[in-house]
Amino acid sequence: MYACHLEAQRSLAVRYISFLAARSHSQPPQKIPSKWLQVATREYSKRVGAFYEGQLEEQEGAMWRMKVGSARALVTAAKLRAPTVGQKLWVRILAADLKPPRLAFARVLNWEEKQKDTKELQQQVELQTPMPRVGFLVRGRWLGPSFRAVNERTKVDPRRLKAVAQRVEDDDVMVELQEIPCLGIIKSSSIIACKEMDPAKLEGHVTTFPTTNILGIGLSAFVELRMPTIALERLQTGDMLEGMLDRLLSDKRQANLGDEWIIHLNCEHRRQSVEGRWRLETPADLRLNRVLRKGSRICNLKVLSIDPTQKRVQLSPTEGEVVQLQNNQVLQGIVGKIFEYGIFFEVGCRKRVLCRSCHLLRPVDEYSEGQVVRRLFVFQTSAMSLPQLCEGGAPARLQPLGGAMEAFGVEEQVSLLGWVVCLLPYGLVIELQDVERDAFCKETNLLKALQAYSVGDELNFKVLTASFVGDIEVQEVTAANTSISDCGENGLGQPAAGAGREDRELLADSVLKAAWVNCRAPLLARYDMVDSTPPEWIQAYEESQRKLPVSAVDAAEARLIQFGYQPDA
């Protein structure tokens with residue numbers, strides 16, 4: 001009733017202003033009363049990103065029209081559960097000011113939003129920045145993965161930047177929108193790199209993005225974006241693409257030679273999507289097909305032919321040869337076969353390539369078949385018949401440490417800036433500034449407790465030695481600390497004493513290495529640790545008659561418990 005009264009009042013005000021405007025052509029203009037002007041220009045559009053309660057009116061095809069205050073909104077029927085006329089529900093406005101006038105597009109609340117009461121939702125809306133309309137194009141600057149973008153300088157409030165970075169995944173790409181101080185996010189699961197449209201190559205560039213949704217609440221609210229597409233005319237034979245398996249053109253449950261996969265590509269021709277085709281022609285194709293399924297991401301797709309008339313691209317992910325791989329070449333691969341000693345990756349060749357467990361950034365049981373892994377570095381020595389892979393960077397232990405450090409643009413004892421990219425139970429994986437290789441910082445080399453760190457933290461580090469997880473091992477230091485040569489007796493540097501003390505420390509070091517080598521097996525079996533023992537240690541210090549059995553470790557712990565030791569304390 002109140003809404004009808006407002007509508008009648010507004011209509012009367014508009015008619016009165018029009019009457020005065022018509023008279024102004026023949027008579028001196030009269031001043032329009034302010035109260036009539038305020039009623040006539042009352043804001044009826046809904047705020048994009050805000051929450052409103054509405055009532056369903058009628059279904060129009062795949063949409064339901066609902067009344068939201070004095071305006072109307074459309075909601076996708078597929079998102080509603082048993083909708084009925086007159087049903088009341090809360091929605092979030094995704095687009096407003098559509099045609100016809102005072103029409104908006106909305107969606108039902110997701111699981112996160114339903115956990116909060118309506119009053120709290122309305123309060124959180126006041127903390128949000130203005131949001132762009134969903135379904136329209138916006139321009140934005142690529143900031144890169146969220147863990148690194150949190151340290152970029154943007155027009156967005158740093159509090160909002162950090163809140164959004166903590167809410168999304170580390171590999172999600174963050175975009176700074178130009179029209180409004182708002183953040184956009186491209187989900188890592190929807191990123192399909194296509195030639196120059198690769199997030200790794202576009203950081204800092206400005207591109208046009210389609211908007212798809214509004215997520216998050218309050219300071220952590222952001223706009224979900226879709227990867228821009230490229231034109232088919234820009235593709236050439238031999239280009240390497242990424243895609244997503246759509247469907248198999250076969251009535252059989254199991255793929256056979258001659259069957260074809262349709263692959264979704266981030267490419268279009270005259271505003272129509274272009275499909276990729278992968279024909280299973282070789283045993284290598286069948287081998288790769290076994291670890292993939294519908295919806296799987298697939299990389300290293302080589303363009304064999306292009307047909308603009310059919311809007312089709314013929315592709316192959318197994319066209320290359322392993323012997324053609326070059327040292328320090330950076331690839332991305334699909335996990336093919338997992339063993340205790342390492343993983344065989346599909347990297348676009350007829351044969352799989354091995355990455356040993358000591359060259360992985362995580363234990364092998366944390367990988368799964370069909371998973372896409374990025375930043376795989378190719379390396380090969382004269383003693384190796386085939387090249388192998390190393391995750392995160394080329395392995396430094398295959399050559400003298402000093403030369404390896406110089407090859408990566410860093411030397412020992414150098415102070416560098418770094419960012420936390422991964423949290424492990426025993427330390428942090430660090431991305432160093434202007435260094436290709438990821439580094440590792442043990443928990444004992446941190447200035448604070450491990451739980452106090454989060455992905456994206458910017459810290460200062462000193463390069464120590466080669467490490468078993470990241471081939472560059474670092475130590476966290478304060479900004480004022482520029483040298484670790486005067487570490488005294490903390491074990492990080494050489495002592496300042498004479499040769500006698502050095503001899504005693506060398507002897508103690510040998511004893512500790514021998515003790516570790518000969519008891520590491522029961523310790524690794526009992527505790528969740530990674531076997532990082534260098535092979536030269538095992539060769540030099542392993543003594544079969546001195547190896548410690550698991551029963552001895554159990555007996556030792558039981559003895560300690562008798563004296564008051566609490567393992568869980």
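A Förster radius of 35 Å combined with the Cβ-Cβ distance from residue 59 to residue 262 puts the calculated FRET efficiency at roughly 0.60. Of the peptides 75-84, 373-382, 330-339, the ranking by mean beta-carbon count within 10 Å, highest at the top, reads 330-339, 373-382, 75-84. Let me see the pair-distance distribution of the stretch 87-179: every alpha carbon pair, 5 Å bin width, integer percents in order. Whole-percent P(r) values from 0 Å outward: 2, 11, 16, 20, 20, 17, 9, 4, 1, 0. In this rough spin-label picture, where each label sits 7 Å from Cα along the Cβ direction, the residue 454-residue 293 distance is 3.4 nm. Segment residue 324..residue 368, full-extension length gain: 13.2 nm, with 0.36 nm per residue of separation and the alpha-carbon distance subtracted. Between residue 357 and residue 122, the FRET efficiency estimated from the beta carbon spacing at R0 = 56 angstrom works out to 0.60. Extending 7 Å from the Cα toward the beta-carbon at both residue 98 and residue 171 defines two label points whose distance is 3.3 nm. How many angstrom lie between the C-alpha centres of the stretch 412-462 and the stretch 178-247? Centre-to-centre distance over Cα atoms comes out at 29 Å.
FRET efficiency for the residue 536 to residue 70 pair, using the beta carbon distance and R₀ = 56 Å, is estimated at 0.10. For residue 178, put the label point 7 Å out on the Cα→Cβ axis and report which residues of the stretch 121-164 keep their amide N under 12 Å from it. Counting backbone N atoms under 12 Å from the label point, the list is 138-142.
Roughly speaking, what is the stretch gain from residue 511 to residue 415, that is 0.36 nm per residue apart minus the C-alpha to C-alpha distance, in nm to one decimal?
Length difference between fully extended and current span is 31.4 nm.
Over the stretch 128-262, with every protein chain in place, what whole percent of the accessible area is carbon and sulfur at 1.4 Å, could you tell me? After summing per-atom areas, the C and S share lands at 48 percent.
Residue ranges 180-187, 269-276, 282-289, 251-258 sort as 180-187, 282-289, 269-276, 251-258 when ordered by packing (mean number of other C-beta atoms within 10 Å per residue, highest first).
A simple spin-label model places the labels of residue 231 and residue 550 6.5 nm from each other, with each point 7 Å out along Cα-to-Cβ. Under 16 Å of direct C-alpha separation, and excluding same-chain neighbours fewer than eight residues apart, residue 46 reaches these lysines: 67, 99.
The stretch between residue 337 and residue 249, if pulled fully straight at 0.36 nm per residue, gains 29.1 nm over its current Cα-Cα span. Taking the three principal axes of the alpha carbon atoms in the stretch 88-242, the coordinate ranges are 56, 39, 27 Å, sorted in descending order.
The values are calculated or read from the model by the stated rules, or taken from the named source; none is laboratory data. Because the structure is predicted, anything quoted here is derived from the model rather than measured. Here the Cβ is made from the backbone with ideal geometry for all residues, glycine too, and neighbour counts use every protein chain on show. Heads up: the accessible areas ignore ligands, DNA and RNA and are worked out on the full protein's heavy atoms, side chains in. Shrake-Rupley method; radii C 1.70, N 1.55, O 1.52, S 1.80 Å.
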